Amino acid sequence: MKQFLISGPTQLHGEFTVVGSKNTVLAMMPAVLLATEPVTLHNVPRISDVDAMRAILELFGVMIDFHDHTMTMDASQAHYAPVPEAMARTMRASILVLGPALARFGRVSLPYPGGDYIGQRPIDAHIDVMRGLGCEVNLEHNTIEATGYPRGGDITVEAMSVTGTENAITLAVLAAGETTIRLAAVEPQVVALCEFLNLLGARIVGVGSNRLIVHGLGPKQHLHGGASTVIPDYLEAGTVAIAAAATRSELRIRQFWHTHNEALLSVFRKIGVDFTLEGEETLSIHPAGQLRALRVRTDVFPGLPSDLQAPMSVLLTQADGTSEIFETVFEGRLNYMHDLERLGANTFIRDVHTAVITGPTPLHGHEVVSIDIRAGATMVMAALLAEGQTTINDIEHIDRGYEALDERLNAIGARIERRVQ
């Protein structure tokens, strides 16, 4: 078991540079199956989820070289391969293999994906997309089996699913005819995927809107090679900004793209966080006075991301009054509250979607668990505030989503020790 031992309280200072987006690169990587020439990605984060996706693609025969945040992939000799259960269970993003593999090979076999335990994450959107584009889908023994090359069609993505939209796009790129994708998600990683695919020769119109038109190149066609840079991780950027605000730090955050975090900045203004914007890609957090309690609601982009809900709870423990968090996306995403209470927070879970936090309250060191990627980062943020030593167990979840978070935070004032039990 891996642990973080964090000594607090501490303040952050200096500069922090955000790395490439986990959710973006995990969609780009399997999309390379659509190309038969080498593709290079720059600004790739060194996280374990990237390693897991690499292993899946190598199973399909993709040749991959990964060095110094640059990854070159060659799928010219790629072939069909069923994905083993152990690989699929490693992360939810394994489901993003469905669209590219089915479009390239006319068949795909993928066990139900794993990932974080944050509530029900149905696969209905993905099944509907494949069937809507003319493919046969069978679900047996907790495995998705799909066959047939896609045909253009008119499909609607259930609940504006991000990964459902991404699979619809990659499947439609090599479809026979034109595809209209309605209620498409517009998260930054979806826009980045569309721009990446267009760079490689796809024909996607309406990028950034909820209605995409994909002019399919046709079955057994392919995209060409190229190079692209992964956008900064707006979730990491937001998490570190929240940590700086909660610890009353003076911190400059580079590669903080303002347009990707407008909902967070709106919350900052309402709660009383002191910050300044520099250009379009830098945010500076300054020590603030008393913070105000607030009702926070998550939503699909451009609303406040569900992935920033847990970190936001740490900031609310330092606000004056009673705050409320309303989680609209995942009904299991408030489970981390129990560990936040162990650190001294005054919280209770009203129902599966609502938590109440009363502050300001001092936090103190305790032993807690990283139950998922975002909850793990939240425990790190809380430990920076807490008096004494906090032990965070199961930090493998943190390593899935954040590159060397302990080292990078230590460089700006944190005191984090990594241990292996």
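Quick notes on this one:
- q = 0.13, 0.15, 0.18, 0.19 Å⁻¹, the stretch 22-229: log10 I(q)/I(0) [Debye, one scatterer per Cα]: -0.61, -0.84, -1.30, -1.48
- Using alpha-carbon coordinates, inclination of helix 22-31 to the longest axis of the chain, degrees: 10
- In summary, the aspartates and glutamates within cross-link reach of residue 22, defined as a Cα separation below 14 angstrom excluding same-chain residues under 8 places away, comprise 49, 51, 187, 233, 236, 307, 399, 403.
- Tilt relative to the chain, helix 48-59 - C-alpha long axis, 0 to 90 degrees, to 10: 10
- For the chain: relative contact order, % (alpha-carbon pairs under 8 angstrom, 6 or more apart): 21
- Whether the chain is rounded, prolate or oblate, judged on the alpha carbon gyration tensor where a/c under 1.5 counts as rounded: prolate
- Calculated Rg and Dmax of the stretch 209-300 using C-alpha coordinates, Å: 18.5, 61
- Candidates 245, 173, 97 compared by Cα position along the dipole of the chain: farthest toward the positive end lies 173, with charges placed on Cβ.
- Length added when fully stretched, residue 349-residue 274, from 0.36 nm per residue minus Cα-Cα: 24.1 nm
- Residue-averaged 222 nm ellipticity for the chain, from DSSP H runs of 4+ at -39500 (n - 2.57), nearest 500: -8500 deg cm²/dmol
- When both the stretch 98-176 and the stretch 180-230 are represented by their alpha-carbon centers, they are found 16 Å apart.
- Centroid-to-centroid separation of the stretch 33-91 and the stretch 273-315 [C-alpha atoms, Å]: 34
Read the figures in this text as sums done on the coordinates, not as results from a lab. Treat the numbers as computed from the prediction; the structure is a model and nothing was measured. Quick reminder, even Gly has a Cβ in these numbers, built from the backbone with ideal geometry, and neighbours come from all protein chains shown.
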